[in-house]
Structure formats: C-alpha cells, structure tokens
Amino acid sequence: MYMYYAPQPTPHFGLMEWWLAAEKLGENPWFLTFIIIILVDLATGFLKGFFKNSDERVNSTTGRQGLIKHTVIAGIGVIFYPLVDCWGLANFANLFLMFFIGQYGISIVENLGIMGIPLPDWITNNLEKLRNRGGNNETKK
C-alpha cells in the first residue's frame, strides 16, 4: 500500500479573499461608527464657519483640503481593513478604527466648542484649540 503525500495549499490572499472580507464591512460596528463619525466631523467642520462665535470663516480651500484628507483616511480604512482581516488580524484593524474614531471625536468636540456651544470646563481646559479661546467658550476680544 502506497501513501501519497499531498502538500497543503499555501494561503492565497487574492482579490477574491479581499472581496469576501470587504463584504463584511457593513456588518462591523466599528467600521460603521468610523464612517459616521467622519461624516459628522465633515459637517461640523463646515458648519463652524457660519457661527458668529467662530474665528474661522467658510473657506473653499480649507474645505477641499479637509474633504481630501477625510476621503484618504476613509479610503485607507476601506482598502486595508479587508486585507488585514484576510490575514486574521481583524482585532488590529479594529484598533486602527478605534484610534481614528477617537481622533475624530476630539475634532468634533473642538468644532462644537469653536461654534460657541457650551462645554464643561474640564473639556475646554484639556483641548488646546479651546483653551486658547479663553475659559468657557468665550470669544476672543
């Protein structure tokens, strides 16, 4: 009786595997939160130029740069999350998303403070952009 050795197939991380992993993005709560918070940051960044308490005004160049930056970061998430998931490292991809969710959360709070929306002192004292505005969201004089 002869025993035949069949080598194990090597892992193949091609386009099909990436596509299958990408289809699961809509089911991932971290990814959905990531996309939603990017959209909220875009909206608050745009709206802060219309508030009279804001030192910043609507500027198409600044808006375009922000839109490009947010699109690139979202694109990196969309492209690399499924790739890292194929490697079996979905937890590290979620960590990447959590980091950006936190950063965008800080940006949203800064935008709200710049708009003049009252925030607790412990927040305004710990955010550089709001600390420079002086106290409890008072406008510069």
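The values are calculated or read from the model by the stated rules, or taken from the named source; none is laboratory data. Note that the coordinates shown come from a computational prediction; the quantities given were computed from them, not determined experimentally. Reconstructed Cβ throughout: ideal geometry from the backbone, glycine too, with neighbour counts over all protein chains shown.
For the criterion of being out of contact with any His (no Cβ under 8 Å at 6 or more places or on another chain) and either exposed (fewer than 14 other Cβ atoms within 10 Å of the Cβ) or under 14 Å from residue 21 (Cβ atoms) (or both), residue 119 fails.
Of the numbered conditions (1) assigned to a loop (DSSP other than H, G, I, E, B); (2) touching a Leu at 6+ places or on another chain (Cβ under 7 Å), residue 55 fails exactly one; give the number of that condition. Single failed check for residue 55: (2). Can you find a residue that is hydrophobic (A, V, I, L, M, F, W, C), modelled with pLDDT under 80 and in a loop (DSSP other than H, G, I, E, B) anywhere in region 106-124? Checked region 106-124: no residue is hydrophobic (A, V, I, L, M, F, W, C), modelled with pLDDT under 80 and in a loop (DSSP other than H, G, I, E, B).
Against the test of being in contact (Cβ under 8 Å) with a residue 40 or more places away in the chain and either aliphatic (A, V, I, L, M) or out of contact with any Leu (no Cβ under 8 Å at 6 or more places or on another chain) (or both), the options 69, 24 yield a single qualifying residue, 24. All conditions in (1) surrounded by 14 or more Cβ atoms within 10 Å (Cβ to Cβ); (2) of a type in the set (A, V, I, L, M); (3) over 16 Å from residue 41 (Cα atoms) hold for residue 79, with the sole exception of (1). Apart from one condition, residue 94 fits all of (1) more than 19 Å from the chain's Cα centre (by Cα); (2) in a helix (DSSP H, G or I); (3) polar (S, T, N, Q); the exception is (1).
Just one residue in the set 96, 31, 92 is at pLDDT 90 or above, of a type outside the set (S, T, N, Q), more than 30 Å from residue 131 (Cα to Cα) and surrounded by 14 or more Cβ atoms within 10 Å (Cβ to Cβ); that residue is 31.
So, residue 71, is that one surrounded by fewer than 12 Cβ atoms within 10 Å (Cβ to Cβ), at pLDDT 80 or above, assigned to a helix (DSSP H, G or I) and not basic (Lys, Arg) or not?
No, not satisfied.
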